[in-house]
Every structure is written in C-alpha cells, then in structure tokens.
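Structure, as structure tokens:
Derivation of every value follows stated rules applied to the coordinates shown; laboratory data play no part. As the structure is a prediction and not an experimental result, all values here were calculated from the model. Please note: Cβ atoms are built from the backbone with ideal geometry, for glycine as well, and neighbour counts cover all protein chains shown.
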Amino acid sequence: MLVRIAASPEHRLHTCQWVDNSTSCRNDISGRLFPAHLRDRHGITNADSRVLKCRWDGCREYVAGTNMFPHIQQKHIAWVYACYNCGMEFPRADTRNAHFHQCRDTGN
Ligand SMILES: [Zn+2]
Ligand SMILES: [Zn+2]
Ligand SMILES: [Zn+2]
C-alpha cells in the first residue's frame with residue numbers, strides 16, 4: 001500500500017504550542033515551515049548550542065538549541081516518517097529511507 005506523499009509530516013499541519021508570555025502559540029504550521037516558524041516567531045535556531053528550556057505547553061525539559069527542533073518533532077508533534085511501501089513509521093527521515101530501500105527490494 002502506498003502512503004500518499006501529501007500525508008507525510010513535511011506537508012501536514014502541526015499545531016504550535018510554544019508558550020510566549022504565558023500564551024500558547026496555537027498556530028497551525030505546515031511541517032516543512034516549522035523550523036522557520038520557530039526561528040522567526042520564537043527565536044529558536046539550530047545554530048544555538050546553549051541548553052534552553054523547552055517552552056512547549058506542559059514540557060519541562062532542557063534541550064540544546066541544536067536539538068530543539070528534533071525534540072519538538074519527536075515529543076510534541078508526533079512527527080513520523082512513514083515507509084512509502086509498508087507504512088511503518090520512523091522518527092527520522094534517514095532511518096525511514098534506509099528501511100524503505102530494503103523494504104522495496106523485498107517486494108513486500
Ligand atoms: Zn509558534
Ligand atoms: Zn519539550
Ligand atoms: Zn516498509
């Protein structure tokens with residue numbers, strides 16, 4: 001069964017729940033625009049290696065700036081990459097791609 005590209009996390013809308021001034025952001029952001037949104041609206045850049053407090057609604061974790069987007073992806077927006085062949089889900093695009101190449105070759 002083929003998973004439609006349109007349903008992949010890069011294109012899906014995710015609700016931002018980053019809290020600024022005690023207000024949750026609540027904007028619906030397309031996945032591939034999320035890093036730019038975090039940078040422009042919330043000042044989070046992946047070039048910042050300082051450890052920052054994650055201000056996502058309800059989160060109390062401290063995360064290095066460089067890991068903030070992966071942290072948000074995995075913990076808060078349940079961003080998963082589905083295998084195009086079998087639909088199995090992975091937290092990272094590269095692990096999905098590695099799986100997909102094998103999965104496709106088995107003709108599953
Ligand atoms: Zn936001
Ligand atoms: Zn968090
Ligand atoms: Zn697969």
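Quick rundown of the values:
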item	result
Gaussian network model of the chain, springs between alpha carbon atoms under 10 Å - residue of A47, A78, A93 with greatest fluctuation	A47
Net charge of Cβ neighbours under 14 Å - reference D20; Lys, Arg +1; Asp, Glu -1	+3
Amide N of region 38-61 lying under 17 Å from the label point, which is placed 7 angstrom from the Cα of N67 along Cα→Cβ	45-56, 59-61
Tilt relative to the chain, helix 93-105 - C-alpha long axis, 0 to 90 degrees, to 10	10
Distance (nanometres) between label positions extended 7 Å along Cα→Cβ at H11 and L33	1.6
Relative contact order (%) - the chain, alpha-carbon pairs under 8 angstrom, separation at least six	23
